1. Could you work out how much longer the chain between residue B:76 and residue B:160 gets when fully extended? Use 0.36 nm per residue separation minus the Cα distance between them, nm to one decimal.
2. Suppose only helical runs count, i.e. DSSP H with n ≥ 4. What mean residue ellipticity at 222 nm does that imply for chain A under -39500 (n - 2.57) per run, divided by all residues and rounded to the nearest 500 deg cm²/dmol?
3. For residue B:304 paired with residue B:319, estimate the spin-label separation in nm (one decimal), with each label point 7 Å from Cα along the Cα-to-Cβ line.
4. Output the relative contact order of chain B, whole-number percent, from Cα pairs under 8 angstrom with separation of 6+ residues.
5. Top to bottom by accessible area (1.4 Å), largest first, where do A:235, B:250 land?
6. Given q = 0.09, 0.12 Å⁻¹, what are the Debye log10 I(q)/I(0) values for chain B, with equal point scatterers placed on the Cα positions and solvent ignored?
7. Give the average, rounded to an integer, of partner chain Cβ atoms located within 10 angstrom of each Cβ in B:257-270.
8. If you place +1 on the Cβ of every Lys and Arg, -1 on the Cβ of every Asp and Glu, and leave all else neutral, what size is the dipole of segment A:342-407 about its Cα centre, to the nearest 20 Debye?
Amino acid sequence: MIGPGGGSTNRRTFLSLLGAGAAVTAGGVTLSGCSSGDSGSSVNGRAETEDKLGGLLPKYIAYDGVKPDLPGENGGAPGFTKYPATLQRAVPDKPVKSGKEVTAMTPLWAPLPPGLGSNTYFDANNERIGAPVRFNILSGNDYGDKLGPLLASGNVPDLLCVPGWNISGLTRFGQAADKLFEDLTPYLAGDKVAAYPLLANLPTRAWAYGVWNSQLKAVPFPSTGFPWALFYRKDIFDQVGAAPPKTADELLALGKQLTDARANRWAFGGITDEIQRAFGVPSGWRKDSSGKLVHKVETPEFEEAIAFVRKVFQNGYVHPTVVGNKATDEKPLFEGGQLVIRQDGLGAWPESLQRQSSINPKFDMQPIAPFAHDGGTPITWGGDPAGIFTFVKKGLGKDRIAELLGVLNYTAAPFGTEENQLYSYGVEGKHYTRQSSGAPKLTALGQKEVATTYTFLGGRPEAITQSEYPGYVEAMNAWGNNAAKLREPNLFEGIRVEQPSKMAALAQPFDDKLQDIYRGRRPVSELKVAVKEWQTNGGNEGRDFYAKVLSDNGR
Amino acid sequence: MTTVGSSLRPKASRARGSAKAGGASWRHRLRRDWPLLAMVAPVIVLLGVFHYFPTLGNVIAFQDYSPYAGIRGSDFIGFANFERMFSEPAFWSALLNTLAITAFQLVFYFPVPIFLALLLNSVLSVRLRTLVQGVVYLPHFFSWVLVVSLFQQMIGGAGLLAQTLRSNGYQAVDLMTKPDSFILLVTAQSIWKDAGWGMIVFLAALSTINPALYEAAAADGANRWRRLWHITLPGLRPVIVLLLILRLGDALTVGFEQFILQRSAVGGGAAEVLDTYVYYQGLLVGDFGYGAAAGLFKGVVGLVLVLLANRFAHLVGEQGVYSRS
């Protein structure tokens with residue numbers, strides 16, 4: 001990912017990246033792959049259109065659950081301002097009848113919880129599932145690095161969670177999907193999904209992104225698709241009398257106002273992608289007036305944005321640790337007040353609130369409303385309708401696959417169900433207690449044992465639910481609805497594209513040059529050279545590929 | 001007597017060797033040596049299974065390798081991976097960086113453990129020596145993440161040095177983000193982390209030198225420097241040559257973690273070495289064939305360097321890593 005703060009791909013939280021990472025890489029629109037028919041190499045890239053997948057997608061059957069208080073507008077997520085007093089039981093029977101252990105691999109952006117056998121939170125969920133789920137939990141920061149060798153070895157668990165942004169960095173994923181994972185079409189297509197009512201409750205558009213090689217290969221994790229928000233510490237802003245910026249100049253002025261190196265405080269962490277967005281850079285490709293595809297790195301807006309970020313760096317407004325290491329974990333610096341403004345995925349917000357609410361009551365994290373650099377109408381970048389996928393190991397037999405889908409049905413239980421509460425917070429009275437508002441509060445045991453493990457095994461319709469943080473649900477819902485309204489048109493809406501591997505390989509060298517420019521090791525003028533290299537080393541081929549995808553789809 | 005005895009032994013050995021062709025003798029030797037052979041067998045199996053057999057996997061360097069199609073299912077593309085590698089400016093930049101770091105560390109890092117060993121060897125107090133040894137060994141057991149973090153905390157932009165300078169009204173310096181002095185930084189880190197550990201083998205070599213030699217030299221009037229020059233250093237020389245040769249074999253392997261951790265701080269221009277190049281261009285994107293080509297190149301260059309250095313060692317009268325006779 002591009003970004004002085006590492007773009008933070010490697011430390012985004014589970015809700016933060018839904019459908020996001022792919023669309024903002026230097027490689028361009030890097031949606032996960034989908035092919036028509038054969039399982040050959042994805043070296044040359046692949047694409048398939050969502051509306052041609054009708055025959056194999058599950059039928060949408062809404063689950064009659066708790067109704068949101070705040071509707072999601074324009075595709076934004078709905079908000080639930082309170083926890084229901086009584087929870088619905090959504091999965092009456094134990095899905096794993098055989099009782100046979102289920103192996104699963106998921107990422108986690110938090111300390112590892114105690115393992116199976118010494119974790120009562122696992123025991124409680126496994127009791128409902130009917131079998132122990134043995135998690136192999138890996139650091140989300142390194143998940144992509146481990147995934148490639150794991151897939152190459154062929155030694156995959158029964159259930160494998162694969163974030164879309166990790167897929168975009170892998171070549172030949174189409175082949176891996178074909179060889180290693182079960183075709184779920186015979187189990188879920190059309191009306192068959194009714195056997196799994198909570199999976200049937202997932203949006204059809206999200207399912208379309210779970211298709212590889214014309215087969216339904218994965219259970220999707222639905223997403224409203226915002227890759228980033230620019231967050232700030234409102235408590236520090238109030239302290240110094242600052243106001244959220246509405247233009248790039250105001251942001252730069254904030255850099256000066258907020259940076260006080262002697263007090264160990266800097267204005268910014270990683271903000272690059274959000275700066276690009278503010279300057280109107282497209283998230284991937286756009287068409288110029290002649291109809292030719294232009295990649296984000298080729299646009300004049302991109303050059304302006306890069307020059308601006310360099311200015312931010314050169315003025316010393318970026319935290320030195322972030323300058324020294326683009327992959328710095330900025331969360332502790334932000335939460336500790338050493339940096340005041342940074343970009344992160346939306347999931348980072350409630351996560352920080354959870355960490356800080358008991359430590360620092362003054363901690364007030366807020367998102368900055370999307371703004372354009374010149375004060376005009378901003379755009380926001382949209383991602384895919386699904387950003388994370390769970391694959392089922394191939395060749396386990398019909399009965400076992402049905403059991404495993406039952407587990408995914410359990411983990412897809414939406415807000416307001418017993419199952420959702422159990423895998424989100426554990427057992428009431430043991431792992432959490434109810435506050436006067438009805439919102440759960442983790443106990444010491446809950447803090448130790450509860451982790452976002454089952455959550456990663458399945459998506460559920462997007463919802464903003466953490467009403468235990470005063471004002472959070474309302475603010476998040478308002479931000480999301482506003483951002484959804486500003487979403488830039490996506491040329492590839494509904495088309496699954498797997499970018500050519502040559503183009504994927506351009507991301508790192510190009511990002512290296514950008515990092516050099518930000519930190520003053522190369523002049524801004526070298527950006528033109530870098531773009532030229534990008535074009536000749538695979539970018540132009542990528543353009544031809546993407547142009548053909550569009551023309552094949554009559555766009 | 002010793003001379004006569006030793007001169008007889010080869011003949012006896014040759015006599016046994018000539019009888020080797022006979023089946024009875026072979027069986028006899030098998031009966032006689034089977035416990036030894038049984039002891040060695042697991043090691044041979046281990047080497048075969050985990051070292052030699054996997055070496056065959058280098059064939060993917062000549063393939064458009066897909067792990068999902070396997071070696072048999074992947075197309076052979078000849079030297080295309082190597083051609084791509086040699087045509088990439090980034091590869092040459094990584095190779096040059098690697099060689100520069102190796103050469104620099106050979107001059108400025110390699111002698112440090114020897115110097116430390118000599119220094120420690122001259123300390124008479126056993127307690128003090130044990131304490132110093134413990135202190136200088138310790139960093140070896142730290143991970144590179146910890147070492148780099150420690151340096152960052154000390155001399156980074158938000159580190160102790162910078163904070164102290166700032167709080168005293170001076171301009172802060174960030175020594176962790178300067179590409180020009182990166183080679184000094186990584187060598188300093190290597191010395192801090194591993195020089196103490198590297199010293200062990202030299203201390204062991206020093207302990208094998210006969211103390212009587214020092215006493216005789218002292219009795220003949222040799223001062224400390226003379227004793228160092230004529231007894232200690234010649235005593236260490238075979239070990240120094242051996243380690244030097246082994247180090248040359250790893251000339252293109254300067255490390256991975258240390259560089260990948262600091263790559264974004266100083267940029268790929270200074271911190272990209274062959275191992276990180278292979279990681280980014282081969283492994284991270286799943287292009288295993290290309291990664292294997294770069295790895296094979298490294299291995300071949302390392303082998304050639306070891307052979308050359310060993311030959312050179314023989315020419316100057318040292319035993320080297322192995323000898324043919």
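The values are calculated or read from the model by the stated rules, or taken from the named source; none is laboratory data. Keep in mind that what you see is a predicted model, and the values were worked out from it rather than measured. Cβ: placed from backbone, ideal geometry, glycine included. Neighbour counts: every protein chain shown. Quick note on the areas: whole protein, heavy atoms, side chains included, nothing else; ligands and nucleic acids left out. Shrake-Rupley method; radii C 1.70, N 1.55, O 1.52, S 1.80 Å.
1. Values: separation 84, 0.36 × 84 = 30.24 nm, distance 5.48 nm.
Extending this stretch completely gives an extra 24.8 nm.
2. Details: 22 runs with 187 residues, N = 555.
The helix-only estimate for chain A comes to -9500 deg cm²/dmol at 222 nm.
3. 3.0
4. On the way: 292 pairs, mean separation 73.5, N = 325.
For chain B, the relative contact order is 23 percent.
5. If we order A:235, B:250 from most to least accessible, we get B:250, A:235.
6. -0.74, -1.12
7. Mean inter-chain Cβ contacts per residue within 10 Å come to 4.
8. Working: 7 positive and 7 negative charges, 73 e Å.
That gives segment A:342-407 a dipole magnitude of about 360 debye.
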